[in-house]
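Please read the structure below before turning to the comments.
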């Protein structure tokens, strides 16, 4: 088990390198540069040229890449080309906000989706099942910006229960957390319900019944664990998706998270910031997958790596 | 009083396309310690019959609509759910067809066997574990103690079916239902698993019903055989009698289609032409009539009853106009069935096996139970 984890951790490095190559190529393949003339504040051509030379943007791509990787090895993510902060500072200040929001949303989603999915499956076609399906359908089909607008209008403007926008106090967190959780809840409810229904009609459940076990024992011991296998695989990527920040939520609620920063950095061709955030995302996703694989082995003995 | 008495059992499935009459008026009885084979093609209602006995029919869409199942003097169909659970695994146990999917992949072997012991025999964990080792040794799992905490995927198919047998025997039930227990196994393992089932059932004095599509398998295993077709019993007889003197053309078809392994085949297997009938709207008369090469007008018009047939042992019954001396029937009574079947070598071999079963049954005397087995009251 330990060697497996070590091997997987070592594999992170080539993965990150490949991600770096691809992102670097894509970012630079997009037309434009960080110092494109801004019609509101025109810069003299000489200044633009000097900036390009100063930041090395005029050099051949492979040289820029080599430079970047050289710095990266020394754990230097570089400076933002647009803001007066290093990339490490930006990530350090803004990622924790997104991570907190994402984790809150994840726990909220799990707290609702797991029981709801299980009960829906056990009481198929009951009122609670229909409610669950409705929630799952709404959560996946209605975009979060629509929900966000409605929620701000209703709870913020009309009822005045929560602040409209901003971040800091628990009250600020209620709406964005709930709205971010909605999509994940819908998705997880659907998966949980489906895999419960799948597990419940397996032959081994019939075997368990033939032993005279009560329905409760059968569900807890025989069905749940099998049903959680597909759910566990989904939770990894879902966590990664949630903690890396949602542009829309962060934008609507003016939350200083990394998701908003990431999208803005792409628009501004802020190459070091794009690279930094992307590598962070890749790292998070890879680690989430690693954790899932380990947990997966704990739940399902068939894929346990070794004793 | 017999251990099990099934009367006019009807199990139906209510589907979008109509009511599937999977089991349609089945009656039979079984004494304590007796062995019975139920034989028929896929979809003839054998498994549904077995599941009905334990009330394991998924409901909806299934429902036992009529009949009674008297087990040990009590009607299983009138019990409340708690009482039925008290019987399942405890008094009636079941061995399922596919050992690959019938064991829970995420629970250890020992947990899956101990579960029933803790529930029904009120053993504590360590006691149940000890008993599990004994049971696994009984079914021939090598170094059973070391394999207790293995998971099903670490066992081969044959070993898993042995685990299923151990599980079924665990609470020393009075009746075991074995539903195609060897169909999913390869042929060399089949014989071993059947032998274990047979030996242990005799040692434990457990009655069992062996459900199979293979007339070749029941021969050496059971004392009586019931042939099922389209949700009904169409022929019942002692095993020896059935092979020596089969009456119903459907039974002839099953006998003709027994595959032979001991000899290079000169001819192809002879299948029964056609398909089993649609159980939503079965044929009006005899259910086998559309596929029967001996059919007459009467077969299409009215369904025959299951009644004793002439030229046979008294408890040999068949549901066939051709075998019944009634007005318009009886044209098969004096037919030489052996010439109809043709190749008899397989049957000779089977008859030898059947004779052996009878001899073994004689030798087995009551009272000697295997070590560690406590005999339950009332057996």
>> Please give the Cα centre distance for the range A:99-140 versus the range A:156-202, rounded to the nearest Å.
In response: 9 Å
> If you build a Gaussian network model of chain A, linking Cα atoms that sit under 10 Å apart, which residue out of A:68, A:271, A:204 swings the most?
Replying inline: A:204
> Could you put B:63, B:146 in order, starting from the residue whose Cβ has the fewest other Cβ atoms within 10 Å?
Replying inline: B:146, B:63
> Each label point is 7 Å from the Cα along the Cα-to-Cβ direction; what then is the distance between the points at residue B:187 and residue B:14, in nm?
Replying inline: 4.6 nm
> Over the C-alpha atoms of the range A:83-177, what are the Rg and the largest Cα-to-Cα span, Dmax, in Å?
Replying inline: 17.4, 58
> Can you give the direction-averaged projected area of the convex hull of the alpha-carbon atoms in chain B, in nm²?
Replying inline: 19.7 nm²
>> Under 8 Å for C-alpha pairs, at least 6 residues apart: give me the relative contact order for the range A:161-299, rounded to a whole percent.
In response: 27 percent
>> What FRET efficiency comes out for residue B:244 versus residue A:141 if R0 is 60 angstrom and r is the Cβ-Cβ distance? Round to the nearest 0.05.
In response: 0.30
> Taking only the alpha-carbon atoms of the protein assembly as shown, what semi-axes of the equivalent ellipsoid follow from 5 times the gyration tensor eigenvalues under a square root, in whole Å, largest first?
Replying inline: 69, 27, 26
>> Give the average, rounded to an integer, of partner chain Cβ atoms located within 10 angstrom of each Cβ in A:219-232.
In response: 2
> Given the C-alpha centroids of the range B:155-205 and the range B:292-332, what is the distance between them in whole angstrom?
Replying inline: 36 Å
> For the range A:62-115, what does the equivalent ellipsoid look like in terms of its semi-axes, each the square root of 5 times an eigenvalue of the Cα gyration tensor, given largest first in whole Å?
Replying inline: 35, 14, 8
> Percentage of Cα-Cα pair distances in the range B:125-165 greater than 12 Å, rounded to whole percent?
Replying inline: 56 percent
> Measuring from a point 7 Å past the Cα of residue B:351 along Cα-to-C-beta, which residues in the range B:244-259 have an amide N at less than 13 Å?
Replying inline: B:244-246
> Given Cα pairs under 8 Å that are at least 6 residues apart, what percent is the relative contact order of chain A?
Replying inline: 27 percent
> In degrees, nearest 10, range 0 to 90: what is the angle between the Cα axis of helix A:224-243 and the longest Cα principal axis of chain A?
Replying inline: 20 degrees
>> If a paramagnetic tag sat 7 Å from the Cα of residue B:338 along the Cα-Cβ line, which residues of the range B:231-252 would have the backbone N under 19 Å from that point?
In response: B:239-249, B:251-252
> residue B:149 to residue A:22: FRET efficiency via 1/(1 + (r/R0)^6), r the Cβ-Cβ distance, R0 51 Å, to the nearest 0.05?
Replying inline: 0.65
> Does the range B:27-167 come out rounded, prolate or oblate, given a ≥ b ≥ c as the square roots of the eigenvalues of its C-alpha gyration tensor, rounded meaning a/c under 1.5 and, failing that, prolate meaning a/b above b/c?
Replying inline: prolate
>> Taking 22 Å as R0, compute the FRET efficiency from the Cβ-Cβ separation of residue B:122 and residue A:216 and round it to 0.05.
In response: 0.75
> With a 10 Å Cβ neighbour count serving as the proxy for reagent exposure, in which order, fewest first, do A:217, B:132 appear?
Replying inline: A:217, B:132
> Do you know the relative contact order of chain B, to the nearest whole percent, from alpha carbon pairs under 8 angstrom that are 6+ apart?
Replying inline: 18 percent
>> Give me log10 I(q)/I(0) at q = 0.33 Å⁻¹ for the range B:1-47, Debye formula, one equal scatterer per alpha-carbon, no solvent.
In response: -1.19
> Say each of residue A:13 and residue A:62 gets a label point 7 Å from the Cα, pointing the same way as Cα to Cβ; how far apart are those two points in nm?
Replying inline: 2.3 nm
> Out of every Cα pair in chain A, what percent are spaced more than 38 Å from each other?
Replying inline: 30 percent
> residue A:103 label point, 7 Å along Cα→Cβ, cut-off 20 Å on backbone N: hits in the range A:160-177?
Replying inline: A:167-177
> Which angle from 0 to 90°, rounded to the nearest 10, does the C-alpha axis of helix A:45-55 make with the longest principal axis of chain A?
Replying inline: 60 degrees
>> How would A:130, A:222, B:316, B:213 line up from fewest to most surrounding beta-carbon atoms within 10 angstrom?
In response: A:130, B:213, B:316, A:222
>> Given points 7 Å out from each Cα along the Cα-Cβ axis, report the residue A:2 to residue A:124 separation in nanometres with one decimal.
In response: 4.7 nm
>> What would the Debye equation give as log₁₀ I(q)/I(0) for the range A:213-306 at q = 0.13, 0.17, 0.21 Å⁻¹, counting only Cα atoms as equal point scatterers?
In response: -0.62, -0.80, -0.99
>> What percent of all Cα-Cα pairs in the range A:2-73 falls into each 5 Å bin, going from 0 up to the bin containing the maximum distance?
In response: 3, 12, 18, 18, 14, 11, 8, 6, 4, 3, 2, 1
>> How large is the convex hull of the C-alpha atoms of the range A:1-153 per residue, in Å³?
In response: 226 Å³
> With axes computed from alpha carbons, what is the tilt in degrees of helix A:87-122 against the longest principal axis of chain A, rounded to the nearest 10 within 0 to 90?
Replying inline: 20 degrees
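Quick note: the coordinates plus some simple rules give every number you see, no bench work behind them. On a predicted model such as this, the values are computed, not experimentally measured, just so you know. Neighbour counts run over all protein chains shown; Cβ positions are idealised from the backbone, glycine included.
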